[in-house]
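S.K.: The structure follows.
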Amino acid sequence: MGELFKSSVFFSDQHLCHADILPPSEVRARIEVAVINFLKNLNSTTPEISDLPLIIRKMSNSRVSRGLLSDCTWIFLSHSFCTRSLMKENTAKSFIRVWKMMEMCYQVLVQEKKVTQRELFYKLLCDSPEYFASQSQVNRTIQDLVALLRCSRCSLGVMASSRGVVAGRLLLQKEPNQEVVDCAASGFSGYAISGDLNMLETLVMKSDARYIIVVEKHAIFQRLAEDRLFTQIPCILITAKGYPDIATRFLLHRMSREFPEMPILGLVDCVQSLKSGVPNIIIQFTCNVRWLGLRKDDIEQLVPEESLLPLKPRDLQIAKSLVSSEILQDNYKEELEVMIESGKRAEIEALYFHGYGFLVKYIAKKIVQANYI
C-alpha cells in the first residue's frame, strides 16, 4: 500500500490510460488510500475538497477509438480528462455518487461477492434514492469509478451481463481439475461467454482451428453453428449479437494472444460495417481483424437487385464521416465509397436467395481463396 500513498488521492499525477484487472485485496487498498488521502486534504491547514479527475469514455475520444485492450491485463481507457466537483452545482451530485458507489463496491469486495449493475441499482435506489434514481446513473457512476481507481468493472465486484457466445473448435477449462467445455458440442446457440474478466483472463484454451470468425449477427452465427461450418473450415465462431460488449471483446483479444497464428475474419452486413461491423470491430478489439464480407464484389455478383435496400440518412452520414476520417485504411474506404455512390445497402441474409446452405459455401470459398481485406 506504501506505493499507492506516493501518488495523489486519485492517481491524477500518473498518465492514466488503462484500468487494471486486479484481485479484490488490491482494489480495496486503492479505495482505502483514496478515502484516507481525501480525509487528509480536509484536515490539512489549508483544507480543500479535491475534484475527481476522470477519463472521458466516449467514442469521440480518438485514443479510445484506436483500441480498448492492451497486451497486458489492462482495459484501455483514454488520455483525456473531465472532472467531477463538489463545488459546482451541475456536477456535485455526480461527485457524491462516485463516493457512494465506492462505498458500495468496497462492501461487495469485503463480502467476496459479485453483483450485477441491476442489483446495484436496486440497492442504491433504496439506500440513496436522491442520488440514484435511474439505472443509467448507476452505470455512469460505475464507469466513473473505473476511471478513478484505474481498475476494471469486474475488479470492483461488478459483473457485466455478457451477450456473447462462442462455438466451433475450441476447448475451454476454467480450472485444471474442472470439466472441459467443447464449444463444438454447444449446439446452434453456442457457449455463453462469462462476464467475469478475471476468469476469462485465466481460462485455459485449446484449439486445432485455423481461423477465428467474428460474426456480427446472432442469427447468422446460429445458421453457421447449426450447419457446423467448423467441420468444413477449421474455425472458431464468436458473436456479441450486435455491438460488442467488453467480455466478448476481451475473450477475442485473449484468443488472439493465445493463438497468434490464426487470422481473425469479420463477417458483417455491408451497412453494419458502419455501425457495429468491421471498422468498429477493428477499433474495438485492437486485433488484426480482416474483413471477410459482405463486400462490394459480393453484392455485385451474388445479391439480386431486388434484395438491395436504400441507405438511411443516418447510415449515409456515418459512411461519409468514416471515409473522411484517418481511422480506416484505404481499401475499407473504397468499399464505403461504392456504397455511398449507389445509395444502396445489403444484408447478409440476401445470400439466402441461393439457398439456406449457400452461406457456408460462400464463406468456405472466400477463406480458401484468401479473399478478405
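S.K.: Within segment 93-245, what percent of beta bridges assigned by DSSP are antiparallel, to the nearest 5?
M.R.: The answer is about 65 percent antiparallel.
S.K.: Quick one: 3J(HN,Hα) in Hz for segment 209-224, Karplus 6.51/-1.76/1.60 with θ = phi - 60°, rounded, Gly and Pro as x.
M.R.: Once rounded to whole Hz, the list reads 5, 10, 9, 10, 10, 8, 9, 5, 9, 5, 4, 5, 4, 4, 4, 5.
S.K.: Rounded to the nearest 5, what is the percent of antiparallel bridges among the DSSP beta bridges in segment 165-368?
M.R.: Of all bridge pairs located within segment 165-368, approximately 50 percent are antiparallel.
S.K.: Compute the separation of the alpha-carbon centres of segment 318-373 and segment 302-316 and state it in Å as a whole number.
M.R.: Spelled out, the Cα-based centre of one part sits 12 Å from the other.
S.K.: May I pose another question? Sort GLU258, GLU347 so that the residue with the fewest other Cβ atoms within 10 Å of its own Cβ comes first and the one with the most comes last.
M.R.: Least crowded to most crowded, the residues run GLU258, GLU347.
S.K.: List the residues whose amide H sits under 5 Å from the amide H of LEU170, counting only those 5 or more places along or on another chain, with H placed 1.01 Å from N in the peptide plane.
M.R.: Residues meeting the amide H criterion: CYS183, ALA184.
S.K.: Of the listed pairs LYS333/LYS366; LYS93/LYS241; LYS217/LYS366; LYS217/LYS344; LYS40/LYS100, which have alpha-carbon separations greater than 26 Å here?
M.R.: Checking Cα-Cα distances, LYS93/LYS241 exceed 26 Å.
S.K.: Can you list residues whose amide H is under 5 Å from GLY195's amide H, if they're 5+ apart or on another chain and H is modeled 1.01 Å from N?
M.R.: The answer is SER162.
S.K.: Could you give me the percent of Cα pairs per 5 Å distance bin for segment 165-368, shortest bin first, beginning at zero and ending with the bin that holds the maximum distance?
M.R.: 1, 7, 16, 20, 20, 15, 11, 6, 3, 1, 0, 0
S.K.: I would also like to ask the following. Excluding PHE230 itself, what net charge comes from residues whose Cβ is under 14 Å from its Cβ, given Lys and Arg +1 and Asp and Glu -1?
M.R.: Local net charge: 0.
S.K.: I've got another one for you. Using amide H atoms built 1.01 Å from N in the peptide plane, name the residues 5+ places from VAL303, or on other chains, whose amide H lies under 5 Å from its own.
M.R.: Amide H neighbours of VAL303: none.
S.K.: Could you give me D for segment 119-211, from Stokes-Einstein at 4 °C and 1.567 mPa s, where the hydrodynamic radius is the Kirkwood radius over C-alpha pairs? Units µm² s⁻¹, please.
M.R.: For these conditions, the coefficient is 82 µm²/s.
S.K.: Here is a further query. Listing ARG163, ARG97 from the residue with the fewest other Cβ atoms within 10 Å to the one with the most, what is the order?
M.R.: Fewest-to-most ranking of ARG163, ARG97: ARG163, ARG97.
S.K.: So, one more: In terms of Cα to Cα distance under 22 Å, which lysines are near enough to LYS174, apart from those fewer than 8 places away along the same chain?
M.R.: Qualifying lysines at Cα under 22 Å: LYS113, LYS114, LYS206.
Each value in this text was obtained by applying a stated rule to the coordinates, not by laboratory testing. Since the structure is predicted, the reported quantities are computational estimates derived from the model, not experimental observations. Virtual Cβ from ideal backbone geometry, glycine too; neighbours counted across all protein chains shown.
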